Amino acid sequence: MAKGGTSQRVLVAGAAGFIGSHLCDALIHRGDTVIGLDNFYTGLPRNIAHLKEHPQFTFVRADVIDPLPLSLRADLIFNLACAASPPHYQADPIHTMLTSVMGTRNLLALAADCGARFVLASTSEVYGDPLVHPQVESYFGNVNQTGPRACYDEGKRAAETLCFDYMRAGRADVRVARIFNTYGPRMRPDDGRVISNIITQALENRDITIYGDGAQTRSFCFVNDLVAGLLLLASHRSAIFKAINLGNPTELTVCELAARVLAMTGSRSSIALMDLPVDDPKRRKPDITAAQRLLGWTPKVPLEEGLRDTIRWFAAGHLKPTVQDRRQRVRASHQINSPRSA
Ligand code: UDP
C-alpha cells in the first residue's frame, strides 16, 4: 500500500514492457494512480490494452532519452525503460546505452523536482560473467566494457552510479533493484530469451536452440514474485545505500531447463546446438540475503508452477508476434533512429 495508506501517483517508465505492465497492474490493484510511459520499442501496446479505459491509468508515449513532458508529476517513479533481452538490446546498442544513462538522468531530475522516490530496475548483468558465485551485491562484477553486451551492462552500471550520486547529493531518495532472469506471461515470443525461445519451440515441435553446450546456468524468477519484491523495495521506510538483488536462487543449466520444458509440453522437438554468444555469462545465481533481511522478501513460485503458467499463456495464442506487434516495433525503431542516438 502507498505511503500512510493514501494512494500515490506513480510513474512507470517502460510500462508496456513485460515486467512494467505487471507492475502497473499491481500498483492499480493496490489503489495507486499510474502514469505509464513507453516508446513501444520493445514494449507492446497489447500489454497495457486492458488498462486503457481504467480511471487510475493514463498513458504517455515518450522516449526517456528525450526531455520529459513538463506536465509529468509523481510521488514515486519506477524506471524500467530499456530493451532487456540480449538480441533486442544489441539491435541498437547506442540507443540502449543512452536509454539507461540519459533516461535515468531525466527521470532522476524529475524525481528531484517532484520530491518523488525513484526506483531503478538495474540488472544482474552488472556482474557480467561473474567470478564470484552466487552473486552478492558487494561484488563489483566482471564486465567486458568493449563487448557487445556492454551497451546494456555498462549502461545499467552508469545508471546505478547516477542514482547513488543523486542520493549522496541529497537530491533524490533512490532504490536500486538488480533484477535477475525473470519470466512469465507477456514475455515477447520473439525476444530471443531462453525461456520464450524454448517454450515456443517446444510447443511448435521446432528444434530447441541450445547455445554452447547448455551447461551455463541461470536462476529464473516468476514475474509476480519479482513485482512483489519491487513494491517492497519501493515502500521500504528508510534509505538504502546499496543495490539489492531480486531473483530466485534456484539455479539450473540451460539443458536442464530445456528438459523440463520438453517434459511439461510433451514436445517432439529435438535439440540443436548453436554457437555460444560472445561474453555469455557461464553461471548466474543471486544471493538474496539482503532482500530477505531488509524487505522480508523471498520468491514463492516454484519453477514448475511458473513454467506451467507461462507455457499455458504462450499456448493460448501468443506463440508468434502479431502483425501489429511487428509493425509497432519497426515504427518505434524508425522513431528512435534519429540523429541524437546516432
Ligand atoms: N540461450 C540458449 N538458447 C536460446 C536462448 C538463449 O541456450 O535460444 C542461452 C543463452 O546463451 C544464455 C542463457 O540461455 O546462456 C540465458 O539467455 P537469455 O537470453 O534468456 O538471458 P541472459 O541471462 O543471457 O541475459
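Mind checking the dipole of the chain: about its Cα centre, +1 per Lys or Arg Cβ, -1 per Asp or Glu Cβ, Debye to the nearest 20?
Its charge dipole is roughly 600 debye.
Ordered by the count of other Cβ atoms within 10 Å of each Cβ, fewest first, E53, E125 give E53, E125.
May I ask you to compute the full-extension gain from R206 to E256, defined as 0.36 nm times their residue separation minus their alpha-carbon distance, rounded to one decimal in nm? My answer for the length gained is 16.2 nm.
Relative to the longest principal axis of the Cα atoms of the chain, the long axis of helix 323-336 lies at roughly 50 degrees.
In the structure shown, do any of K282/K320; K156/K285; K156/K242; K300/K320 have a Cα-Cα gap over 22 Å, and if so which? Listed pairs above 22 Å: K282/K320; K300/K320. Taking the C-alpha atoms only, the angle from helix 150-168 to the longest principal axis of the chain is near 30 degrees.
Counting other C-beta atoms within 10 Å, and keeping those with at most 12, which DSSP coil trypsin sites (Lys or Arg not before Pro) do you find in the stretch 274-326? Here the sparse-neighbourhood loop sites are K300. Shown here for the stretch 51-150: trypsin sites (Lys or Arg not before Pro) in loop regions (DSSP other than H, G, I, E, B) with at most 16 other Cβ atoms within 10 Å, namely K52, R73. Shape call for the chain from the C-alpha gyration tensor, a ≥ b ≥ c root eigenvalues: rounded (a/c under 1.5), prolate (a/b greater than b/c) or oblate? Note, shape of the chain comes out rounded. Each of R218, R237 was scored by other Cβ atoms within 10 Å of its Cβ. Listed from fewest to most, they are R237, R218.
In order along the stretch 84-96, the phi-based Karplus estimate (6.51 cos²θ - 1.76 cosθ + 1.60, θ = phi - 60°) of 3J(HN,Hα) comes to 10, 8, x, x, 6, 6, 8, 5, 9, x, 5, 5, 4 Hz; Gly and Pro are listed as x. Each part reduced to its alpha carbon centroid, the stretch 117-133 and the stretch 45-115 end up 19 Å apart. On full extension, the segment bounded by A315 and H334 gains 3.7 nm, given 0.36 nm per residue less the C-alpha separation.
For E305, E251, what ranking results if the residue with the fewest other Cβ atoms within 10 Å of its Cβ goes first?
Values: E305 11, E251 16.
Ordered by Cβ neighbours within 10 Å, fewest first: E305, E251.
On a full-extension model of 0.36 nm per residue, what is the gain between S71 and I240, subtracting their alpha-carbon distance, rounded to one decimal in nm?
Details: separation 169, 0.36 × 169 = 60.84 nm, distance 2.91 nm.
In short, 57.9 nm is gained.
Label-to-label distance, V323 versus A112, with points set 7 angstrom from Cα along the beta-carbon direction: 4.8 nm.
What angle, in degrees between 0 and 90 and rounded to the nearest 10, separates the Cα long axis of helix 303-315 from the longest principal axis of the Cα atoms of the chain? Once rounded, one gets 90 degrees. Our helix-only sum for the chain, with -39,500 (n - 2.57) per DSSP H run of n ≥ 4 divided by its residues, gives a mean residue ellipticity at 222 nm of -12000 deg cm²/dmol.
No value in this document is a laboratory result; all are computed from the given coordinates. None of the values given here were measured: they were computed from a predicted structure. Reconstructed Cβ throughout: ideal geometry from the backbone, glycine too, with neighbour counts over all protein chains shown.
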